[in-house]
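What follows is a set of notes on a single structure, which appears directly below.
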């Protein structure tokens, strides 16, 4: 089955020349490290955990001995023979003690069995606590030895990135412990005060370590990229591919150990470590290294263990990877054990990020399962490098923000009270006068702040009145701000200080708030911004977002059909939640003069966010990326500017979607980026909810006042988005005018992916010769280069063409290739060779495909000319029943080659046919022959037809054979083009996402029929099958009366965004139905009147009546638009067949009223949807017009039958009563007589 139309996210970077390590700039050796601010870590829980005991930290011993021997050889050119002899003697002494070290390493392992494992475990658990001392100490050493600044800087950045992610993954923790231990080795430089100090061999410490430090910096960044890649993998991927990822990640343990030994040995020469001491340390390392790896392999979370058990129950990883049903079930897994993972230190369970439908998410998981760790790390490199640079910039910005505001107090080392730790002089005075401890209730603090500034203003007025010099702390330019520091703004000001919404304000929060104010702003100015300015700014961005969404929906009908589903998926993902925020916010509109006072800060923040988004190319792939983009602080501070910047960029993509078929991942990534923002909002909401509960406050009431009610609907949106509310709720709509938009948008900067059209026939690239190719074995060099060919499977059916280029591997004895299949699926080829007894060389190749394709094995030989590679292949190494053929000829020539069975039957004839066909087609191709063009067109159309049948799963055996013929006649680029076109076609199919029939329970494809009367929470939806439309539904949790087939319906013929458009559709359907029934009733009355006039004998004096067919435009006078002018009457006619219609019929609610677009039932059944003139479209919605008699149908007849039966019984009962009455009367007469 082709995968191109369902292919998951593709990597953005397609460059094959990209190096595996980060490409960050490396400073010159003598360049001092950049000045960076201190990193703020949580305080250690158990005091100082810094442990510089190298015997417990070194990893791997004997490589250092090998390095020592190499260094000794380098020393032979030294000027001092005496120094050389001393150094050689020391090295030889170490080497002679290796045997004795090995002899008692086993007893040491027993000794360290428990203690060492405990040390490793504690090292991982206390990693965060141990980092502050390490970083601080490294900073001090870097001041003495600037050449290590590159490694220290890289370590600082990756530590900050890991602190932002902090998912408590034990495996990543082990790697960072080893990274920390490596950096600890550099602390020995503290004993060397001069970087130019010369060792016994005459080499300086700087010259000895400079290149090694550069390698360490690269290793740290490479490891951090691997950890970032692994952390973003879904839980099911970590379980199924756990052993493979363990092998990749554990390699960094050995790498860091190797680097650390190299550092230790280099330093031992300068600091004079004794031989016996060195040997002791080496033995301790041997005893520990295996335990570190053992701990790493066992560092599995309870969730992974639980899911791994489920995977084994379903047959194991291999079976699960090939079973989509099993994968979907496992993707829904929710652990029963208590999760020990936390997110950002809040103690909440970590939920997997998911912004797309189940089918899309399955495709992502399949792609992640297919990607090897090396390939996944390479794909993630570009994103990680952007985050790395952003973190470097943030550290520099943090230093820049640490400005000393004019008037700030200088905190002395010895203080006399809590107030002396406050920087701002005004708040310091308030805190001191109120004698508060380290914290105070937020309400009391804001009231005291208000009273303080009132007193200062009053004091200023009094001094002015007496002609004295003012002594107030309030400057004249800030008096305007005091009117906003009042009791009405108490909540907003308290929120500005109280970031965690605890109800208390601490000294740390006060200092953080005052230090974050813009340069040149006073504290009253800053307070006024949070009292009213933030709400004004949020209102401005809120209005712009509402308008930009209105433009997006206005553009939607103009979107290219191939982009329609991508656009709808984007809107379905982001619009409702964003509208929840914009609808919940309490807006405020103030004067332009007041807005001008805050303009500088607002523009500066917007520019800061824009630069951050441009750095990550508007693609937020994880929570740490979001934090890097926005900076520290609660999300309300920058939420609306951030969302507007994202929407504005997406709006430009919407504009492009009208004319260009974009890559299917373009808007996918855009939606996913906004979903990460939603995740941050949810985290903030959950934090607030927990805080309110802890304070025993009513959360619902608190959200109605917190942050201008921003989180009110986020907390409870059921009523707002109920169908009852949507029936009357109206959203902003605009007429889109592209001339008013920016016409100079750079498409190359706007898009992160090439357009879909760029994939039709990608440009040819040259195959470079690598260093490994030049050094490869002779047998390997023969097979290197570009190959084109086919696999012949069962029944001599030829597959689509393969094209790949072999390159030699690093070992020079094997070769490999990575390529893309014609159907858009990546695969890898890895091969080696064996030499037979007769001297012939046999090439063995394995092909690894995506998870749903089995691994295959090829065995073949080169012909003497080296231009043909042929042999056999199969799905088992020992069972290869099929054949393959690859040649070095161009693809255009290879497609003219006859089928291999023709060569078996008559080789000479096949060769002549091959030659003649190649020459003939080459001439036709160069002359642009019409027959050649027509032949290629027919081939493309037939291939697309078969591809569609393959997509639907209805291929016959004849179709498969025909597929083979077409594949043989098509080049790799041809088939790739066909699948791209098929993908574009498939993307044009309209889907009613997430809507199922309330009767049959199946997803609705095609027309969606909605009841206009039922539903309070959600609509009643039906597919267009008669059984579903005519059904009765008596049970659903959101109605009071049953749904009956007598209800009015509207037919929705195109996918709509339910929550935005259903209200408008229902209102238009109601109005359209009333108008249609009125027109039909008027026509019926006129017809009845004419019939009565015809029956009269005498002529009447009525004015002449003019009959106007419905589709024609009527002339109206002073009457309403839905009434005919005097002397005219509308005869409703079907716009398709022009027949006069009567109920039951349909009426278009999207066409202009003057068109009177009626459709008879026959035309609707036969044509489903059609275009008519310039008004009616196949996607227009229709309302069903039916009479009471028609609508009651079977139920009415059954009721009439029951009534008739009841009347009959009543008649019989009446007659019986009459007889009884007569009988009683006769009895009475007899007795009387």
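The values are calculated or read from the model by the stated rules, or taken from the named source; none is laboratory data. Worth saying up front: this structure is predicted, and the values here are computed from it rather than measured. Please note: Cβ atoms are built from the backbone with ideal geometry, for glycine as well, and neighbour counts cover all protein chains shown.
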Quiz prompt | Verdict on residue 825 being assigned by TED's automatic domain parsing to the domain that holds residue 962 and surrounded by fewer than 16 Cβ atoms within 10 Å (Cβ to Cβ) | solution = no
Quiz item: In the list 1183, 1131, 1140, which residue meets the criterion of being modelled with pLDDT of 85 or more, in contact with a strand residue (DSSP E or B) (Cβ under 6 Å, 6 or more places away or on another chain) and more than 29 Å from residue 1005 (Cα to Cα)?
Solution: 1140
Practice problem: Consider residue 176 carefully, then state whether it is farther than 19 Å from residue 376 by Cβ and within 30 Å of the chain's Cα centre (by Cα). | Solution: yes
Practice problem: Please state which one of 305, 310, 330, 282 is at pLDDT 70 or above, assigned to a helix (DSSP H, G or I) and crowded, with 18+ Cβ neighbours inside 10 Å. | Solution: 330
Exercise. Scan (1) over 34 Å from the mean Cα position of the chain (by Cα); (2) surrounded by fewer than 19 Cβ atoms within 10 Å (Cβ to Cβ); (3) part of a loop (DSSP other than H, G, I, E, B) for the single condition residue 1077 breaks and write down its number.
Key: (3)
Self-check item: Candidates 724, 744 - the one that is assigned to a helix (DSSP H, G or I) and either in contact with a strand residue (DSSP E or B) (Cβ under 6 Å, 6 or more places away or on another chain) or modelled with pLDDT under 90 (or both)
Solution: 724
Quiz item: Hey, any hits in the range 980-990 for a residue that's free of Cβ contacts under 8 Å to residues at least 40 places away in the same chain, over 25 Å from residue 886 (Cα atoms) and surrounded by fewer than 17 Cβ atoms within 10 Å (Cβ to Cβ)?
Solution: no
Quiz prompt | Sole exception among (1) more than 27 Å from residue 563 (Cβ to Cβ); (2) surrounded by 13 or more Cβ atoms within 10 Å (Cβ to Cβ); (3) touching a helix residue (DSSP H, G or I) at 6+ places or on another chain (Cβ under 9 Å); (4) not assigned by TED's automatic domain parsing to the domain that holds residue 1031 for residue 1000, by number | solution = (4)
Exercise. Report yes if some residue within the range 385-399 is crowded, with 18+ Cβ neighbours inside 10 Å, modelled with pLDDT of 70 or more, out of contact with any helix residue (DSSP H, G or I) (no Cβ under 6 Å at 6 or more places or on another chain) and over 30 Å from residue 632 (Cβ atoms); otherwise report no.
Key: no
Quiz item: So residue 627 clears everything in (1) modelled with pLDDT of 90 or more; (2) assigned to a helix (DSSP H, G or I) except one condition, right? Which one?
Solution: (1)
Self-check item: Checklist (1) modelled with pLDDT of 80 or more; (2) buried (at least 18 other Cβ atoms within 10 Å of the Cβ); (3) out of contact with any helix residue (DSSP H, G or I) (no Cβ under 6 Å at 6 or more places or on another chain) applied to residue 252, failing item
Solution: (3)
Exercise. Select from the range 901-932 the residues that are surrounded by 11 or more Cβ atoms within 10 Å (Cβ to Cβ) and in a loop (DSSP other than H, G, I, E, B) and list them in ascending order.
Key: 906, 929
Self-check item: Residue check for residue 475: farther than 19 Å from residue 637 by Cβ, at pLDDT below 80 and not assigned by TED's automatic domain parsing to the domain that holds residue 528
Solution: no
Quiz item: Residue check: is residue 935 touching a residue at least 12 places away in the same chain (Cβ under 8 Å), farther than 30 Å from residue 569 by Cβ, surrounded by fewer than 15 Cβ atoms within 10 Å (Cβ to Cβ) and over 35 Å from the mean Cα position of the chain (by Cα)?
Solution: no
Quiz item: Any residue at all in the range 634-645 that is part of a loop (DSSP other than H, G, I, E, B) and in the same structural domain as residue 574 (by TED's automatic domain parsing)?
Solution: yes
Quiz item: Does at least one position in the range 581-594 carry a residue that is surrounded by 16 or more Cβ atoms within 10 Å (Cβ to Cβ), assigned to a loop (DSSP other than H, G, I, E, B), within 19 Å of the chain's Cα centre (by Cα) and modelled with pLDDT of 90 or more?
Solution: no
